[in-house]
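The values are calculated or read from the model by the stated rules, or taken from the named source; none is laboratory data. On a predicted model such as this, the values are computed, not experimentally measured, just so you know. Every residue, glycine among them, receives a Cβ derived from its backbone with ideal geometry; neighbour counts consider all protein chains shown. The area values use the complete protein model at the heavy-atom level, side chains included, leaving out ligands, DNA and RNA. Shrake-Rupley method; radii C 1.70, N 1.55, O 1.52, S 1.80 Å.
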Amino acid sequence: MNDIPVVTIIIPCLNEINFIDTCLTSVLNFELNSGSFEVIVVDGMSTDGTRNALAWWTMRYPKYMRVLDNPYQIVPTAMNIGIREARGRWIVRLDAHSMYPSDYLSLCLDTAMSSNADNVGGVVIPQRKDETRQASLIQALTTHSFGVGDAEFRLETTSAYVDTVPFGCYRRDVFEKIGLFDERLVRNQDYEFNRRLTSAGGRIWLNPDIRIYYYNEPTLGELFQQARYTGRWNPYMWVVAPYSFSPRHAIPGLFLLGLLKGILAIHLLPVLVLPYGMILLLYGILALISAAQQSYKYGKWMLPILPFLFLLYHLNYGYGILRGVIDVLLHRSPVQNGQEVWKGAGFKLIKPKELKNGFVYSAQQITVDP
């Protein structure tokens with residue numbers, strides 16, 4: 001292995017004992033046409049046996065792997081810790097809850113050089129955690145645009161410039177130009193960073209040949225809890241970074257708000273029952289068509305269940321958004337009460353001269369109830 005790696009792979013990790021071996025096995029099988037890579041796992045002080053697993057990997061591959069501590073236990077601090085220690089000319093963020101084909105890294109680099117983009121990535125292919133019917137339903141729910149939206153990286157698509165990609169392969173100088181990840185954002189920090197990058201003139205390229213196999217949540221309850229939590233952090237992100245607002249992220253909240261206002265409206269004006277019912281009927285038709293498409297793909301037994309699961313997912317995500325908006329209006333969101341990570345953060349695009357060596361140094365532990 002050369003002294004200076006071409007690529008630094010950073011993997012944030014916290015209590016991933018069920019997935020870390022699968023992830024690292026796939027990572028260490030990466031094929032790279034020229035040069036070498038290093039792997040930095042930034043662990044949030046795991047307590048489930050992950051630390052022992054990581055110790056075994058570092059003993060077996062000491063030239064390739066390092067493990068760093070992340071006492072703040074959130075992804076943005078993990079990424080910033082890893083970036084400061086990285087030696088590669090390219091920074092690749094990976095997820096410990098996933099596995100990757102052997103050509104993943106080479107495709108990322110080839111795509112980055114051919115597109116001349118500042119960040120490149122691929123598509124997420126959700127995987128079942130087990131062979132239960134519940135896991136199959138989750139896979140069907142999370143692989144249709146009606147369920148999870150029209151973000152290009154969630155769909156079978158074509159190569160194009162986009163507003164974001166999952167995880168990402170970045171040119172190192174990107175972080176020197178626009179700073180590191182915003183450590184106030186427990187969720188959505190990748191999306192905020194990518195919107196900051198494009199707002200500053202950077203380009204993001206999606207190549208659907210780059211594939212990430214992500215293991216879904218094991219139960220519907222956990223999936224809906226994640227939807228509420230992620231939805232709640234969308235308004236927090238909009239406060240921190242108004243340039244990160246995207247209409248598709250607000251739709252579930254507007255949908256739930258419309259349902260609630262509709263119920264109130266028909267009590268005040270019964271004549272509105274018909275148009276309100278027509279709207280619900282249209283939603284039901286779209287849900288049924290989407291369920292039929294997924295049932296054909298994953299199992300006909302799903303057809304009578306999926307429409308209701310689509311609705312429950314949208315309601316949970318919408319609830320999270322509305323709760324986040326209320327937190328912001330009452331000035332009780334964690335991003336409003338915390339310190340800015342750089343002067344003017346959240347109110348204007350940062351300029352390189354406003355950063356100390358291009359890095360964000362402060363870190364804080366932010367918690368919020370799910």
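Evaluate the Debye formula for the range 1-153 with equal point scatterers sitting on the alpha carbons, no solvent, and hand back log10 of I(q)/I(0) at q = 0.12, 0.14 Å⁻¹, in q order, two decimals. Ignoring solvent entirely, the Cα scatterers give -0.57, -0.77.
How large is the accessible surface per residue of the range 232-297, computed with a 1.4 Å probe and reported in Å² as a whole number? Kindly include the intermediate steps, with their values, before the conclusion.
On the way: 3890 Å² over 66 residues.
So the range 232-297 comes to 59 Å² accessible per residue, rounded to a whole number.
Rounded to the nearest 20 debye, the dipole magnitude of the chain is 720 debye, with +1 charges on Lys and Arg beta carbons, -1 on Asp and Glu beta carbons, and the Cα centre as origin. Legend note: in the chain, cysteines whose Cβ sits 4.7 Å or more from every other cysteine Cβ are C13, C23.
The GluC sites (Glu not before Pro) found in the range 133-241 that occupy coil by DSSP, while having at most 13 further C-beta atoms within 10 Å, are E156.
Could you rank the peptides 235-247, 114-126 by their average count of other C-beta atoms within 10 Å per residue, with the highest value first?
Working: 235-247: 19.4, 114-126: 21.1.
Listed from highest to lowest mean packing, they are 114-126, 235-247.
At a 1.4 Å probe, what is the % contribution of carbon and sulfur to the accessible area of the chain?
Working: 10040 of 17240 Å².
Taking all protein chains in place, the chain shows 58 percent carbon and sulfur surface.
DSSP loop trypsin sites (Lys or Arg not before Pro) in the range 1-109 with at most 10 other Cβ atoms within 10 Å of their Cβ, which ones?
On the way: sites: R51, R60, K63, R66, R84, R87, R89, R93; in loops: K63, R87, R89.
Of the trypsin sites (Lys or Arg not before Pro), the ones in loops of the range 1-109 whose Cβ has at most 10 other Cβ atoms within 10 Å are K63.
Relative to the dominant Cα principal axis of the chain, helix 306-329 is inclined by about 70°.
Over all directions, the projected convex hull of the C-alpha atoms in the range 54-105 averages 4.6 nm² in area. The convex hull defined by the C-alpha atoms of the chain has an orientation-averaged projected area of 19.5 nm².
Can you give the % of DSSP beta bridges in the chain that are antiparallel, to the nearest 5? Before the final figure, lay out the partial values.
Numbers: 10 of 34 bridges.
Here the share of antiparallel DSSP bridges comes out near 30 percent.
Quick one: what does P(r) look like for the range 222-337 with 5 Å bins over all Cα pairs, in whole %? Reading upward from the zero bin: 2, 11, 16, 17, 17, 15, 11, 7, 3, 0.
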